[in-house]
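The values are calculated or read from the model by the stated rules, or taken from the named source; none is laboratory data. As the structure is a computational prediction, the values presented were derived from the model and not from experiment. Cβ placement follows ideal geometry from the backbone for every residue including glycine, while neighbour counts extend to all protein chains displayed. The accessibility values were calculated without ligands, DNA or RNA, using every heavy atom of the protein model including side chains. Shrake-Rupley method; radii C 1.70, N 1.55, O 1.52, S 1.80 Å.
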Amino acid sequence: MRVAVFGAAGRMGAEVCKAVLADPDLELVAAVDPYHAGLDLRHVTRMDGTDGMHIEASADSLVRVGAEVAVDFTQADAVMENLAFCAGRGVHAVVGTTGLSAGDMDRIAGMFEPPAKANCLVAANFAIGAVLLMRFAEMAAPYFESAEIIELHHDAKLDAPSGTALATAGRMAAVSKERSPDPTRSEILEGARGARGPGGIHLHSVRMKGLVAHEEVLLGTTGQTLTLRHDSFDRTSFMPGVLLAVKAIAGRAGLTVGLESVLGL
Ligand code: NAD
């Protein structure tokens with residue numbers, strides 16, 4: 001399978017280039033990043049096997065090299081144009097870029113709607129463990145009246161709480177009816193109880209040097225607690241999910257949201 005990467009010189013894009021190069025079933029045929037055009041791909045991947053490939057300035061290179069799938073880890077204001085290009089040229093797309101609005105998702109669904117020649121998968125989290133954590137939390141939620149989520153991230157994360165923590169709370173709230181009322185009557189330091197998320201589930205955000213991306217779901221009922229935790233220690237944690245999506249996308253018509261259905265969850 002011939003794979004192109006948008007955002008190839010970025011932190012995630014470079015990791016995707018490396019993962020594709022290391023996979024015997026995949027071939028890296030184009031690396032696109034207009035802000036780093038002309039850069040030798042070896043500088044980005046620090047791997048052999050790139051055969052003098054350079055970072056390309058535009059998506060046009062995908063057609064020239066016959067890319068079958070494009071992976072996009074860029075930014076919210078760039079991804080839509082890349083996807084329009086892919087849909088128009090019959091190139092399947094796997095998207096990890098976050099910050100897409102509901103309107104963007106509708107437009108993407110329209111672009112790739114069958115009988116379009118290309119399919120698209122958008123996932124806000126490609127870490128298989130994080131996807132499973134959300135599913136396990138959703139399964140457990142109806143059996144526990146108390147639930148709180150702690151998400152812990154590196155010190156450069158600008159938003160709080162994380163999208164994954166919010167999505168976890170949303171899915172837990174959707175399947176559970178009874179939740180214990182918060183006993184707090186006096187919050188001596190504002191924010192001590194975190195933020196009230198969907199279904200009244202409290203969300204706590206930790207930002208700390210040395211961390212990458214971590215989430216803990218605490219559930220409690222009479223005489224017992226259950227703790228679910230996932231840790232992403234570096235960006236390689238997202239790669240098995242990305243590669244899975246790249247290999248599955250040709251067989252999934254239209255727009256697929258999330259990795260769940262690819263994992264059979
Ligand atoms: P980054 O800033 O390191 O990389 C983004 C790259 O995209 C940059 O090199 C930039 O030059 C390039 N770019 C900008 N416009 C482009 C265009 N039109 N075409 C091609 N390339 C273009 O960011 P990052 O840390 O690699 O994160 C990228 C995205 O992935 C973010 O939205 C981030 O939130 C998301 N992300 C998703 C997951 C997931 O599992 N889905 C995991 C981590 C990060």
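Mind counting the residues in the range 97-154 that are in a helix (DSSP H, G or I), under 19 Å from the mean Cα position of the chain (by Cα) and aromatic (Phe, Trp, Tyr)?
1
So which residues in the range 181-212 are in contact with a Ser or Thr (Cβ under 6 Å, 6 or more places away or on another chain) and at pLDDT below 95, if there are any at all?
The one that is in contact with a Ser or Thr (Cβ under 6 Å, 6 or more places away or on another chain) and at pLDDT below 95: 212.
Return the residue satisfying two criteria in turn: it lies in the range 58-96 and is away from the ligand (no atom under 13 Å from the Cβ) and outside any helix (DSSP H, G or I), and of such residues it is most open to solvent (accessible area, probe 1.4 Å).
Only one residue fits best here, namely 68.
Find the residue count for the range 1-37, including only residues that are within 13 Å of the ligand (Cβ to nearest atom) and either outside any helix (DSSP H, G or I) or surrounded by fewer than 16 Cβ atoms within 10 Å (Cβ to Cβ) (or both).
Of the residues in the range 1-37, 15 are within 13 Å of the ligand (Cβ to nearest atom) and either outside any helix (DSSP H, G or I) or surrounded by fewer than 16 Cβ atoms within 10 Å (Cβ to Cβ) (or both).
Name the pairs whose Cβ atoms lie under 9 Å apart, with the first residue in the range 56-80 and modelled with pLDDT of 95 or more, the second part of a loop (DSSP other than H, G, I, E, B) and of a type in the set (Asp, Glu), and 6 or more positions between them or separate chains?
56/33; 57/33; 74/33
Which number in (1) open to solvent by less than 50 Å² (accessible area, probe 1.4 Å); (2) modelled with pLDDT of 95 or more; (3) touching a helix residue (DSSP H, G or I) at 6+ places or on another chain (Cβ under 7 Å); (4) not acidic (Asp, Glu) marks the one condition that residue 175 misses?
With (1) open to solvent by less than 50 Å² (accessible area, probe 1.4 Å); (2) modelled with pLDDT of 95 or more; (3) touching a helix residue (DSSP H, G or I) at 6+ places or on another chain (Cβ under 7 Å); (4) not acidic (Asp, Glu) applied to residue 175, the lone miss is (1).
Exactly one of these conditions fails for residue 246: (1) open to solvent by less than 60 Å² (accessible area, probe 1.4 Å); (2) over 26 Å from residue 261 (Cβ atoms). Give me its number.
(2)
Of everything in the range 40-57 that's closer than 13 Å to residue 5 by Cβ, part of a loop (DSSP other than H, G, I, E, B) and within 16 Å of the ligand (Cβ to nearest atom), which residue is least open to solvent (accessible area, probe 1.4 Å)?
Ranking the qualifying residues of the range 40-57, first place goes to 55.
Going residue by residue through the range 189-198, is there one that turns out to be more than 30 Å from residue 117 (Cα to Cα), in a helix (DSSP H, G or I), more than 14 Å from the ligand (Cβ to nearest atom) and more than 14 Å from the chain's Cα centre (by Cα)?
yes
From 205, 186, 176, grab the single residue that is farther than 23 Å from residue 260 by Cβ and in contact with a strand residue (DSSP E or B) (Cβ under 9 Å, 6 or more places away or on another chain).
205
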